[in-house]
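Worksheet for the structure shown next.
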Amino acid sequence: MEFLDLRGDLLTTASWDKTLKLWDVSIGQCLQTFIGHLEVVYCSQFDDKKVVTGSGDGDLRIWDISSGDCMHVLSGHEADVYCLQFNEDVIVSGSADSTLRLWNHEGACLNILKEHVGVVRCLAIRGSHIISGGDRKKIVVWDTKTGELLNVVHRNPTLLHLMWVSDTKLITASPESPGTITTISYW
């Protein structure tokens, strides 16, 4: 298993078998299997209506959560898609091609964001900001609506692999041995 996302009693699991599964954890049953990616599924997010997935094939897909049908294929990244987030306005994806892309929910690319060097591993949407992190120890803050670059933080001491963002702090985790967790507080 490559990734999981839990919302209430529903869980999605992404896998090297190129699928994403939707589970009801209260009864331990698989409700839906989403099939269509050509490579490993690295990331997903879902709500009551849709599931969005990102894959090693460079595509994102938007799925109908109840039927399992693929509604849109979002193509444009030139390498693996490692992270994604969406809100009511946009879908944001990060890739090994060093870019983030902003998409609408119908699958059109709205903007390509370039500031990272190397793989974009993690991102979060917080209100009107996108916070992204990548392999080159760089954390970047963007405007969600315009894609404008707002700030570049070069403070992370190690490679970024995972990131958690709240209203007051950012916590990153590194894959480097022996493993490092960094907290950046902005209060």
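The values are calculated or read from the model by the stated rules, or taken from the named source; none is laboratory data. These numbers were taken from a predicted model, which means no experiment stands behind them. Cβ coordinates were reconstructed from backbone atoms using ideal geometry, including for glycine residues, and neighbour counts include every protein chain displayed.
Key figures
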read-out: Test for residue 62: is it in contact with a His (Cβ under 7 Å, 6 or more places away or on another chain) and aliphatic (A, V, I, L, M); value: yes
read-out: Candidate set from region 65-92 (those that are polar (S, T, N, Q) and either in contact with a Cys (Cβ under 6 Å, 6 or more places away or on another chain) or in contact (Cβ under 8 Å) with a residue 40 or more places away in the chain (or both)); member that is surrounded by the most Cβ atoms within 10 Å (Cβ to Cβ); value: 85
read-out: Residue 141 modelled with pLDDT of 80 or more, within 16 Å of the chain's Cα centre (by Cα) and closer than 23 Å to residue 76 by Cβ; value: yes
read-out: Subset tally (residues that are assigned to a strand (DSSP E or B) and either over 15 Å from residue 68 (Cα atoms) or touching a Phe, Trp or Tyr at 6+ places or on another chain (Cβ under 7 Å) (or both)) for region 31-50; value: 8
read-out: Residue that is surrounded by the fewest Cβ atoms within 10 Å (Cβ to Cβ) [pool: residues in region 16-30 that are part of a strand (DSSP E or B) and in contact (Cβ under 8 Å) with a residue 24 or more places away in the chain]; value: 22
read-out: Selection count, region 93-141, where residues are touching a Gly at 6+ places or on another chain (Cβ under 9 Å), assigned to a strand (DSSP E or B) and of a type in the set (Lys, Arg); value: 2
read-out: Residue in region 1-59 that is farthest from residue 84 (Cα to Cα), counting only those that are of a type in the set (Val, Ile, Thr) and out of contact with any Asp or Glu (no Cβ under 7 Å at 6 or more places or on another chain); value: 27
read-out: Residue within region 144-159 that is hydrophobic (A, V, I, L, M, F, W, C) and closer than 17 Å to residue 92 by Cα present; value: yes
read-out: Number of the condition not met by residue 146 [criteria: (1) in contact with a strand residue (DSSP E or B) (Cβ under 7 Å, 6 or more places away or on another chain); (2) more than 23 Å from residue 63 (Cβ to Cβ)]; value: (1)
read-out: Set 95, 174: member being small (Gly, Ala, Ser), buried (at least 20 other Cβ atoms within 10 Å of the Cβ) and in contact with a His (Cβ under 7 Å, 6 or more places away or on another chain); value: 95
read-out: Any hit, region 58-78, residues being of a type in the set (Lys, Arg) and part of a loop (DSSP other than H, G, I, E, B); value: no
